[in-house]
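**Q** This is the structure, below, for whatever I ask next.
The values are calculated or read from the model by the stated rules, or taken from the named source; none is laboratory data. Fair warning: this is a prediction, and the values are worked out from it, not measured in the lab. With ideal geometry, Cβ positions are generated from the backbone for all residues, glycine too; neighbour counts draw on all protein chains shown. For accessibility, only protein heavy atoms count, side chains too; no ligands or nucleic acids. Shrake-Rupley method; radii C 1.70, N 1.55, O 1.52, S 1.80 Å.
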Amino acid sequence: MDKNKEYELLMQLEIETTKMRHSTFTALLSVSFLLPGLALKATADQLMLLGIETNISKLVFLLGYIFYCFSVFHYEWYHRYAHAYRAALKELEESLDIKIYKNRIRPHVWKFKLHFDWALYIIGAVYGYITGQYVGGALWGSVVGTILIIYFVLFLLSALQTLEPLAGW
């Protein structure tokens, strides 16, 4: 394949990946903020979760925060692909003597760079604090801690798997 065709295909892949990332992230993020609104209207029925008695309203609110965290995780996951594609495109541009992606620069004020994902982390910290206040620290810590522990165990178990792409998928 010639470099022009490779560049064209890679550029299309980067564009489509970014479109998918943004549309999926927007949908997930919408759900994450919709759930707390529904939680405030939910019933006060009680149930046990991880040995803590709570009500459905608090669980739905907490689920909204978990969706938010998943949304940010999803965004970051596909954002790394976009960076890899753009780096490859910039390399190809060197050999093709063109400047499309090389002209793109991060938004900045003087020498200070702006990062969209930093805003997501700040919002997540505020959202997490509010969620913890609403549902209670014990429930918040138990659920978030359990999710992190399970993810870490799966992370450790992944060392036993072959690297991607997985056969048969």
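**Q** Which condition does Tyr134 not pass, out of (1) farther than 17 Å from Ser32 by Cβ; (2) touching a residue at least 60 places away in the same chain (Cβ under 8 Å), if it passes all the others?
**A** If we test Tyr134 against (1) farther than 17 Å from Ser32 by Cβ; (2) touching a residue at least 60 places away in the same chain (Cβ under 8 Å), just (1) comes out false.
**Q** Name every residue in region 96-126 that is closer than 17 Å to Ser32 by Cα and within 15 Å of the chain's Cα centre (by Cα), in order of residue number. Talk me through it step by step, then tell me what you get.
**A** Looking only at region 96-126, we keep the residues that are closer than 17 Å to Ser32 by Cα, and these are 117, 119-126.
Asp117, Ala119, Leu120, Tyr121, Ile122, Ile123, Gly124, Ala125, listed by residue number.
**Q** Just checking, which of Leu13, Leu29 is open to solvent by 60 Å² or more (accessible area, probe 1.4 Å), modelled with pLDDT of 90 or more and either assigned to a helix (DSSP H, G or I) or in contact with a Cys (Cβ under 7 Å, 6 or more places away or on another chain) (or both)? Spell out how you get there, then give the answer.
**A** On the way: Leu29 fails: open to solvent by 60 Å² or more (accessible area, probe 1.4 Å).
After ruling out the rest, the residue left standing is Leu13.
**Q** Name every residue in region 129-169 that is outside any helix (DSSP H, G or I) and surrounded by 11 or more Cβ atoms within 10 Å (Cβ to Cβ), in order of residue number. Before the answer, list the steps.
**A** First, the residues of region 129-169 that are outside any helix (DSSP H, G or I): 136, 161-169.
Matches in region 129-169: Gly136 only.
**Q** Still on this structure, I have one more. Filter region 88-128 for residues that are open to solvent by 90 Å² or more (accessible area, probe 1.4 Å) and part of a strand (DSSP E or B) and give the result.
**A** Across region 88-128, the qualifying residues are His108, Phe112, Lys113.
**Q** Considering only region 79-97, how many residues are free of Cβ contacts under 8 Å to residues at least 24 places away in the same chain and within 15 Å of Leu9 (Cβ to Cβ)? Outline the logic, then answer.
**A** Filtering region 79-97 down to residues free of Cβ contacts under 8 Å to residues at least 24 places away in the same chain leaves 80, 83-84, 87, 90-91, 94, 97.
Still in the running and within 15 Å of Leu9 (Cβ to Cβ): 84, 91.
The total comes to 2.
**Q** Can I ask one more? Scan region 38-87 residue by residue and report those that are hydroxyl-bearing (Ser, Thr, Tyr) and open to solvent by 60 Å² or more (accessible area, probe 1.4 Å). Let's see the steps before the verdict.
**A** Keep residues of region 38-87 that are hydroxyl-bearing (Ser, Thr, Tyr), which gives 43, 54, 57, 65, 68, 71, 75, 78, 81, 85.
Of everything in region 38-87, those that are hydroxyl-bearing (Ser, Thr, Tyr) and open to solvent by 60 Å² or more (accessible area, probe 1.4 Å) turn out to be Thr43, Tyr78, Tyr81.
**Q** Here is a follow-up. How many residues does region 1-54 hold that are under 27 Å from the mean Cα position of the chain (by Cα) and of a type in the set (Val, Ile, Thr)?
**A** Qualifying residue count, region 1-54: 6.
**Q** Another question, if that's okay. Pairs, please: C-beta under 7 Å, at least 6 apart or cross-chain, first residue within 21 Å of Ser23 (Cβ to Cβ) and in region 56-78, second of a type in the set (S, T, N, Q) and open to solvent by less than 60 Å² (accessible area, probe 1.4 Å)?
**A** Here the result reads Gly64/Ser32; Phe67/Ser32; Tyr68/Ser32; Ser71/Ser32; His74/Thr24; Tyr78/Thr17, each pair linking region 56-78 to a residue that is of a type in the set (S, T, N, Q) and open to solvent by less than 60 Å² (accessible area, probe 1.4 Å).
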